[in-house]
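This report concerns only the one structure given below.
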Amino acid sequence: MDFQSSRSFAENLDTRDPLAPFRARFVITDPGLIYLDGNSLGRLTHASLERLQLVVEHEWGRDLIRGWNENWWEAPVRIGEKIARLVGAAPGQMVACDTVSVNLFKLAAAALALRPGRTHIVTDTLNFPSDLYILQGLVHSLGDHHTILRVGSRDGDVTPDLDELAAAIDDSTALLTLSHVTFKSGYLYEVAYVTELAHRHDALVIWDLSHSAGAVPVALDACNADFAIGCTYKYLNGGPGASAFLYVRKDLQERAVSPIWGWWGQNVPFAFGLDYTPATGVARFLTGSQPILSLLAMEAALDPLLEAGMESLRAKSILLSAYLIYLTDTLLAPLGFRLGSPRLPEQRGSHISLRHPEGYRINRALIEEMNVLPDFREPDNLRLGLTPLYTTFYEVWEGVDRIRRVMAEKRYEKYPAQRLIVT
């Protein structure tokens, strides 16, 4: 498409957007706010708000413990099946539970146990740091018998070095774990290709879908993925701290053993036996009681995504990001900004990083003066999330214009370079 830099062009794109009606299903209290951080925390849906009110007032307030036999106990499995439809997984392979970090620990430990004698865990320097910390802690707990190999980037933290990645995987590799979409640059790995690289050496793979589920089509089954994890509070709009999810391919489930044995993963939990027997299937990776209020609120937020369909969501995401890149090249590059994300649509997820030496102070000015909510990632990334269900093309245009004004008026200069706790 031949883009133009005028406001009217953006507004015209919105009139032609088939997903535009979905925006009305979200709680938007300030129409003047340019929200470009849905890649960190998705907006609240009206459905989630109504569901929470019902759960609190009636299911908990009136029914009390009877709610467990109504729809609470089966929630992790039921909701896992809904998420599975968004990431290309057949039934019986996914549960919603715990956090991404806890789920990574469980699956990484299970994977290493399935590959005894192999000592290498391969990941990359673009992975979310918490994932790296979990791997480091797991290796420490196992007595440091494993080595973590971190593949680097070839272009300043934008694109991983795929040649180095392929060379790092060999017959000593037990596990490869990567973020499907990297958290800084938004680089999008090709799941099928990378999974096949690992499988050539009989290594197992864990994909972190936190920055892709709900924005980028994922074909876990078609790509023969082994394991996957992900959060639900970004593009799935599940709410702050909402439960994560995990995927275990069907043929691995009876051999894979969770390192955390809890009563929800017990074969007959209400028999209250004193010795643990794992449940059949993926449910064996459940641990303790799950946060029902959060789970049910998140479940309600999934329906608009399922209705829209991942192909439509991806098509709009690509158009939004291409438009943002055009505006960056046209309006912001002369002001010292450079693109910190891949230009090829097949190589990027649904957020764009703009790099500028004053990125942190620009971010502060946008938040505190311009009613724009992006976020900042070290060392110089102004990160803009594009959520297809509710982000408009006008918001992209207006967000870029407000960035331009911050620079033209030098508003950022009044802010210190010292970072706040949350950036």
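Every number here is computed from the coordinates shown, using simple stated rules; none is lab data. Predicted, not measured: the structure shown is a model, and the values here were computed from it. Cβ sites come from the backbone with ideal geometry, for glycine too, and all protein chains shown count toward neighbours.
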Given unit charges at Cβ for Lys, Arg (+) and Asp, Glu (-), the dipole magnitude of the chain about its Cα centre in debye, nearest 20, is 540
Distance in Å, no decimals, from the C-alpha centre of region 152-218 to the one of region 38-90 is 31
If unit charges are put on Cβ atoms (+1 for Lys and Arg, -1 for Asp and Glu) and the dipole of region 50-306 is taken about its Cα centre, the option from Leu52, Ala192, Leu236 lying farthest towards the positive end turns out to be Leu52
Expected vector for region 257-269, Karplus 3J(HN,Hα) from phi with 6.51, -1.76, 1.60 and θ = phi - 60°, integer Hz, x for Gly and Pro, equals 10, 5, x, 10, 9, x, 5, 6, x, 6, 4, 10, x
For the chain the mean separation of alpha carbon contacts under 8 Å (6+ apart) over residue count, i.e. relative contact order in percent, is 23
When the charge dipole of the chain is computed with +1 on Lys and Arg Cβ and -1 on Asp and Glu Cβ about the Cα centre, the Cα farthest towards its positive end, among Gly214, Tyr412, Thr280, belongs to Tyr412
Taking a crude spin-label model, label points 7 Å out from Cα along the C-beta direction, the Ile260 to Thr277 distance in nm is 2.5
Dividing the helical contributions, -39500 (n - 2.57) per DSSP H run of n ≥ 4, by the residues of the chain yields a 222 nm value, nearest 500 deg cm²/dmol, of -10000 deg cm²/dmol
One finds the C-alpha centres of region 100-132 and region 236-276 to be spaced, in Å, by 17
Per the charge dipole of region 50-306 (beta-carbon charges, Lys/Arg positive, Asp/Glu negative, Cα centre), the residue among Ala113, Asn127, Ile260 reaching farthest to the positive end is Ile260
If one compares the long axis through the Cα atoms of helix 359-369 with the longest principal axis of the Cα atoms of the chain, the angle in degrees, nearest 10, works out at 80
Checked region 119-267 with the C-alpha gyration tensor, a ≥ b ≥ c its square-rooted eigenvalues, rounded below a/c of 1.5, otherwise prolate if a/b is larger than b/c and oblate if not; verdict rounded
Region 50-306: antiparallel bridges as % of DSSP beta bridges, rounded to 5, reads 40
